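Some notes on the structure that comes next.
The values are calculated or read from the model by the stated rules, or taken from the named source; none is laboratory data. Note that the structure is a prediction, hence the values are computed from the model and not measured. For neighbour counting, all protein chains shown are included, and Cβ atoms are generated from backbone atoms with ideal geometry for every residue, glycine included.
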Amino acid sequence: MSLSVEITNVVPLFPTRVFLQWNILIPEDGTHTVKVERSGSSGGAWTVLTSESDLFYYIDDLGAQTGGDLTKAALFSLQRQVYYRVTVTAPSGASAVSAVHGLVPDLPPVQAGLRRRLQYDQQILWRRLNGMKLAILKRKQWGARCTVCFDPTTRSVTQEHCSTCFGTSFTGGYHTPVITWGRIVTPQNVNTQTTERDVKETATKRIHLIDVPRLQDSDLIVEIDTNERYIVRLQEQTEIRRKPVHQELTVSTVDHHSIEFRVLADLSFTLPLL
């Protein structure tokens with residue numbers, strides 16, 4: 001098996017932006033360059049949107065290219081289609097290109113329109129009424145390895161509380177935060193978690209988010225107003241004909257003495273997703 005890249009999520013964000021997310025499979029150790037391209041046709045021609053190191057997502061603002069004209073951007077029109085592809089280049093020079101991924105999911109028009117409407121309505125509800133502003137920190141799965149605690153022989157970390165990789169084995173530990181809105185549900189119970197060094201009690205909560213960014217086990221969520229932090233333990237989805245609409249996360253509250261509380265959630269260069 002060799003390096004490959006898979007686009008995992010392409011979601012319109014009202015009114016003119018598109019959220020694009022991918023996963024790099026069989027990565028090498030070291031920095032990967034990611035190039036994102038867009039086309040109005042599945043066969044090209046392709047326009048390069050960005051080429052940066054170790055990205056896991058990109059937000060394409062179609063409104064910027066139309067001068068803010070919402071009619072021309074028309075993301076929520078059932079007739080509008082946009083295509084994307086992602087190219088990854090590894091430290092060795094090896095590269096991989098994703099399959100082409102369209103904006104519109106493989107759904108009948110009525111279900112596709114309902115899916116978009118549900119996502120839009122939920123965004124507005126959380127932002128205006130009962131939502132919390134959250135910073136999403138995706139745990140790194142590729143990139144430069146930690147120079148302090150990563151053992152290349154066993155391919156594991158040697159320090160649980162390393163302040164360079166925060167236990168992830170990758171320098172920095174987490175990607176740049178994504179700011180979004182979601183709903184945090186009252187704690188269900190308290191779990192006892194034992195590690196080699198200590199015993200921790202953690203409250204389990206439920207967090208509801210839109211479908212971007214797609215989260216998985218061990219990703220970190222920060223409640224911006226309070227700096228409370230949560231580790232994702234389980235990700236589930238609401239769906240229409242097996243196409244995701246929202247995420248429902250089971251999370252555990254991070255103890256203030258845990259290494260995850262030392263992760264710097266720098267929001268100064270991050271624009272809100274919603």
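On the basis of being of a type in the set (A, V, I, L, M), closer than 22 Å to Asp61 by Cβ and free of Cβ contacts under 8 Å to residues at least 60 places away in the same chain, does Val36 make the cut? Please lay out each step first, then the result.
On the way: of a type in the set (A, V, I, L, M): yes; closer than 22 Å to Asp61 by Cβ: yes; free of Cβ contacts under 8 Å to residues at least 60 places away in the same chain: yes.
When the stated conditions are applied, Val36 passes them.
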> Which condition breaks for Arg116 when tested against (1) under 30 Å from Glu37 (Cβ atoms); (2) surrounded by fewer than 16 Cβ atoms within 10 Å (Cβ to Cβ); (3) modelled with pLDDT under 95?
Replying inline: (2)
>> Checking the structure you have, find out if any residue of the range 120-128 is surrounded by 14 or more Cβ atoms within 10 Å (Cβ to Cβ), of a type in the set (S, T, N, Q), over 27 Å from Val36 (Cα atoms) and modelled with pLDDT of 85 or more.
In response: yes
>> Being in contact with a helix residue (DSSP H, G or I) (Cβ under 6 Å, 6 or more places away or on another chain) and buried (at least 18 other Cβ atoms within 10 Å of the Cβ) is the filter here; which residues of the range 131-166 pass it?
In response: Phe166
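Anything in the range 98-118 that is under 12 Å from Pro12 (Cβ atoms) and assigned to a helix (DSSP H, G or I)? List them, or say none. Steps first, answer last, please.
The initial filter retains those residues of the range 98-118 that are under 12 Å from Pro12 (Cβ atoms), namely 102-105, 112-113, 115-117.
Result: Ala112, Gly113, Arg115, Arg116, Arg117.
Can you pull out the residues in the range 1-50 that are in a loop (DSSP other than H, G, I, E, B), over 21 Å from Phe170 (Cβ atoms) and of a type in the set (Val, Ile, Thr)?
Going residue by residue through the range 1-50, those that are in a loop (DSSP other than H, G, I, E, B) are 1-3, 14-16, 26-28, 30-32, 40-46.
From the residues that got through so far, the ones that are over 21 Å from Phe170 (Cβ atoms) too are 14-16, 40-46.
Correct list: Thr16 only.
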> Looking at Gly131, Gly93, which one is at pLDDT 85 or above and over 22 Å from the mean Cα position of the chain (by Cα)?
Replying inline: Gly93
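Rundown of residues vs (1) exposed (fewer than 14 other Cβ atoms within 10 Å of the Cβ); (2) at pLDDT 90 or above; (3) over 28 Å from Ile210 (Cβ atoms), yes/no style:
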residue	(1), (2), (3)
Ser4	no, yes, no
Ile7	no, yes, no
Leu13	no, no, no
Arg17	no, no, no
Leu20	no, yes, no
Leu25	no, yes, no
Asp29	no, yes, yes
Val36	no, yes, no
> Which pairs do you get when a residue that is farther than 19 Å from Thr180 by Cβ, found in the range 51-72, comes within reach of a residue that is among the charged types (D, E, K, R) and modelled with pLDDT of 85 or more, reach meaning Cβ atoms under 6 angstrom, with the pair 6+ apart or on two chains?
Replying inline: Ser51/Lys35
